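Below: one structure, written as structure tokens.
The values are calculated or read from the model by the stated rules, or taken from the named source; none is laboratory data. Fair warning: this is a prediction, and the values are worked out from it, not measured in the lab. As a convention, Cβ positions derive from the backbone with ideal geometry for all residues, glycine included, and neighbour counts pool all protein chains shown. Heavy atoms of the whole protein, side chains included, go into the accessibility calculation; ligands, DNA and RNA do not. Shrake-Rupley method; radii C 1.70, N 1.55, O 1.52, S 1.80 Å.
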Amino acid sequence: MDHAELRVVYRADDVDDGTGKIRASVRSGQFSAEGAAWFAPISVKETFVAALRRFPLLADDPATLEGGFWGGEVPARLDQCHLRISIKPYDARGTLLVRVDLSTEVWKTPDTDLQNSASVRFRTEYAAVDIFTKEFEEVLDGRREAAVLKGIPG
């Protein structure tokens, strides 16, 4: 059976600067990966969580969360993506495609640092995204340990 799911947890920073680390673990069939990036929960709520509540989701403007090392330009540019979650339409039946990209941090070069990266995709449906959205907001508020987005059998 092709069991697929995305699980996210959030841990606030000890410095209490309004940021924390979102850790994601994803699996689809025999593939799995884990990764993390730093985020401000309020920003995640205003962008990603708000985008997940749209209906229908748009193929050319997917609900996307991404974090890693940002450049200092204005507007800021993502120089290294350590965590990206993207959800968009998959077919005309209302099935959605979840894509999760994860990578380790690179301080020198990918080869020197032995960087690892993975992209995992699976299909889901709006009802599962709705449950995940509610759970994820509770995770960001510290009222829940983890949010899980379940895939549909392939």
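For this structure, a couple of remarks:
- Restricting attention to the range 118-150, the residues that are open to solvent by 20 Å² or more (accessible area, probe 1.4 Å) and either under 14 Å from R27 (Cα atoms) or assigned to a helix (DSSP H, G or I) (or both) add up to 14.
- All conditions in (1) more than 20 Å from W107 (Cβ to Cβ); (2) at pLDDT below 95; (3) out of contact with any Pro (no Cβ under 7 Å at 6 or more places or on another chain) hold for W70, with the sole exception of (1).
- Identity of the residue in the range 16-31, over 14 Å from the mean Cα position of the chain (by Cα) and touching a residue at least 24 places away in the same chain (Cβ under 8 Å), that ends up surrounded by the most Cβ atoms within 10 Å (Cβ to Cβ): S28
- Put simply, of L97, L83, L58 the only residue that is closer than 16 Å to F122 by Cβ, of a type outside the set (K, R) and at pLDDT 95 or above is L97.
- Hits in the range 30-55 (condition: among the hydrophobic types (A, V, I, L, M, F, W, C), outside any strand (DSSP E or B) and over 21 Å from T124 (Cβ atoms)): A40, I42
- Screening T109 on (1) touching a residue at least 24 places away in the same chain (Cβ under 8 Å); (2) surrounded by fewer than 19 Cβ atoms within 10 Å (Cβ to Cβ); (3) polar (S, T, N, Q); (4) more than 24 Å from G154 (Cβ to Cβ) shows it passes everything except condition (1).
- Under the condition of being assigned to a strand (DSSP E or B) and farther than 22 Å from S28 by Cα, the residues counted in the range 68-108 number 6.
- Looking only at residues in the range 32-47 that are in contact (Cβ under 8 Å) with a residue 60 or more places away in the chain and closer than 19 Å to K134 by Cα, the one that is most open to solvent (accessible area, probe 1.4 Å) is K45.
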